[in-house]
Amino acid sequence: MRRAQEESFVEFATSVKPWLLTTAWMLTADRHAAEDLVQETLVRVYLKWPRIGGQQPTAYARRVLANLHTDRWRRTRREVLVDQPHDILTNSLDTEVVDVVRALQAIGPRERESVVLRHYLDLSEKQTAETMGVSVGAVKGYTSRGLAALRASLKEDDRV
């Protein structure tokens, strides 16, 4: 890769990393897993940078991040539920954001992924279905169940 391309990648990675980290954290509800996802995403984007650098690298990075998360979910398919979320940096985050992430932890992984992709990343149902590798109907179902669970969870805490 040429020096100019490397500089443009470093500029891109610096600007998009906080957004990717927030997205990954909302998908995984685990700071360490989110950091791993972002690191792996940036490595994969770097490898393809000469081809995608001039196009839509943010969209490509978002897709890679979502696909990596889905791959990890498919490999493990088991989550360990804990009373307290892992190491959330509450001093740098609004308490409302922390409440939402805690509520996201309480719902299933597919519902969480669908809600984050649809409502945090503002993807269409079709884009979400393509990213998750499911049908549009499945996305509608996951999103509906996820939002219902979030509403119930946040109402219990008198946050809504």
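The values are calculated or read from the model by the stated rules, or taken from the named source; none is laboratory data. Just so it is clear, the model here is predicted, and its values are computed rather than measured. Using ideal geometry, Cβ is built from the backbone for each residue, glycine included, and neighbour counts are taken over all protein chains shown. Calculation scope for accessible area: heavy atoms of the full protein, side chains included, ligands and nucleic acids excluded. Shrake-Rupley method; radii C 1.70, N 1.55, O 1.52, S 1.80 Å.
Computed from phi, the 3J(HN,Hα) profile of region 125-135 under the Karplus parametrisation 6.51, -1.76, 1.60 (θ = phi - 60°) reads 4, 5, 5, 5, 4, 5, 5, 7, x, 10, 7 Hz, with x in place of Gly and Pro.
Rolling a 1.4 Å probe across the protein heavy atoms gives region 20-75 an accessible surface of 49 Å² per residue.
Applying 1/(1 + (r/R0)^6) with r as the Cβ-Cβ distance of Gln56 and Glu156 and R0 = 45 angstrom yields a FRET efficiency of 0.65. Fully extending the segment from Glu7 to His119 would add 37.1 nm, taking 0.36 nm per residue of separation and subtracting the current Cα-Cα distance.
In region 4-70 the Cα-Cα distances spread across 5 Å bins starting at 0 as 3, 20, 33, 23, 13, 6, 2, 0 percent of all pairs. When the alpha carbon gyration tensor of region 112-160 is reduced to an equivalent ellipsoid, the three semi-axes, largest first, read 23, 10, 6 Å. Sorting 41-49, 23-31, 8-16 by their mean Cβ neighbour count within 10 Å, with the most densely packed peptide first, gives 23-31, 41-49, 8-16.
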